[in-house]
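So the structure is just underneath, and the comments pick up after that.
The values are calculated or read from the model by the stated rules, or taken from the named source; none is laboratory data. Everything numeric here is computed off the predicted structure, so don't read it as measured data. Note that we place each Cβ from the backbone using ideal geometry, even for glycine, and neighbour counts take in every protein chain shown.
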Amino acid sequence: MLAYERHGSGDPLVLVHGVTHRRQAWYPVLDQLTEQREVILVDLPGHGDSPPLVTEGRPVAEVLREQFKQFLADQQLDRPHVAGNSLGGLVALYAGAEGDARSVTALSPAGFWRNNREFAYTRHIFTRACAMSARLGTRAELLARTRGGRNVMYGLLCAHPARVSPDQALGDVRGFLYARPALRTLLAAAEPFDMEIPLGVPVTIAWGARDLVLPPWQAAAAKQAFPFGEHIMMRGVGHVPMTDDPNFVAQILLRGSEPSASIAPIESANKSSTGPAAARAATA
């Protein structure tokens with residue numbers, strides 16, 4: 001059974017983390033969300049406190065979809081709102097396509113590269129991270145305890161790595177080490193997302209303008225795939241925007257899980273990079 005937490009009350013909103021991450025990635029936005037939603041945080045197979053990812057020769061995407069569907073059934077969640085980051089965004093899109101989600105919000109979701117050559121860049125990033133963690137061993141935990149070490153660890157993931165706390169970084173290091181077998185399996189099986197989501201399921205796709213893992217040009221591919229959705233370019237944030245600008249991300253998640261809400265500009269609270277103009281969310 002997948003590890004999870006449930007907090008707050010209101011319409012259920014399931015949050016799914018990215019590859020090698022864990023459910024605690026959503027802690028920066030949790031308090032704002034639980035004022036209006038029941039928030040369910042889940043660790044994907046092979047991540048966090050969940051059992052290892054075992055495919056037994058089956059397609060990885062099929063296993064992920066099946067286990068997530070089973071998780072919803074176990075939690076007695078009938079078409080909740082589903083949101084995710086990176087791999088979690090892809091899982092949320094799967095849920096929307098299969099009729100398991102009332103709405104979908106995806107933050108820099110995986111699956112919008114056009115071919116294997118374009119994905120090679122992202123694969124290289126994670127392959128190097130695996131190799132580095134193997135060389136460092138337990139010394140990686142020492143890096144997590146220093147500001148300079150966290151800047152190195154999170155430089156590709158966050159626009160503002162200094163905002164990551166030592167405790168969060170230490171937990172993430174241990175989570176990454178556990179998730180390495182799942183990461184290798186996922187990288188080997190990675191493929192573009194090609195499923196359709198019914199028009200009755202609202203889709204919001206937000207991309208970090210400073211995303212160095214899944215580059216922002218992929219947002220254009222996502223818009224082409226879902227022209228009926230809402231598309232937001234998140235200024236001043238990287239691949240894991242919950243850490244960079246939790247207030248902004250919470251607004252996106254709340255609006256994405258209220259399908260009847262009117263479409264109006266969302267203002268980012270993150271004004272630390274290039275001034276007020278760059279902090280404004282640009283609807284693509």
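Data for the structure
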| read-out | value |
| --- | --- |
| Per-region count, region 152-188, residues over 17 Å from the mean Cα position of the chain (by Cα), polar (S, T, N, Q) and surrounded by 15 or more Cβ atoms within 10 Å (Cβ to Cβ) | 1 |
| Among the candidates MET195, MET242, residue that is in contact (Cβ under 8 Å) with a residue 40 or more places away in the chain, surrounded by fewer than 22 Cβ atoms within 10 Å (Cβ to Cβ) and either more than 17 Å from the chain's Cα centre (by Cα) or outside any loop (DSSP other than H, G, I, E, B) (or both) | MET195 |
| Condition met for LEU53 (touching a strand residue (DSSP E or B) at 6+ places or on another chain (Cβ under 6 Å), surrounded by fewer than 24 Cβ atoms within 10 Å (Cβ to Cβ), modelled with pLDDT of 95 or more and not in a helix (DSSP H, G or I)) | no |
| Meets criteria (aliphatic (A, V, I, L, M) and either touching a residue at least 40 places away in the same chain (Cβ under 8 Å) or surrounded by fewer than 19 Cβ atoms within 10 Å (Cβ to Cβ) (or both)) for ALA120 | yes |
| Only listed residue being at pLDDT 95 or above, touching a strand residue (DSSP E or B) at 6+ places or on another chain (Cβ under 6 Å) and not in a loop (DSSP other than H, G, I, E, B), chosen from ALA95, ALA101 | ALA95 |
| One residue from THR138, THR105 being closer than 30 Å to MET233 by Cβ and either of a type in the set (Val, Ile, Thr) or in the same structural domain as ARG184 (by TED's automatic domain parsing) (or both) | THR105 |
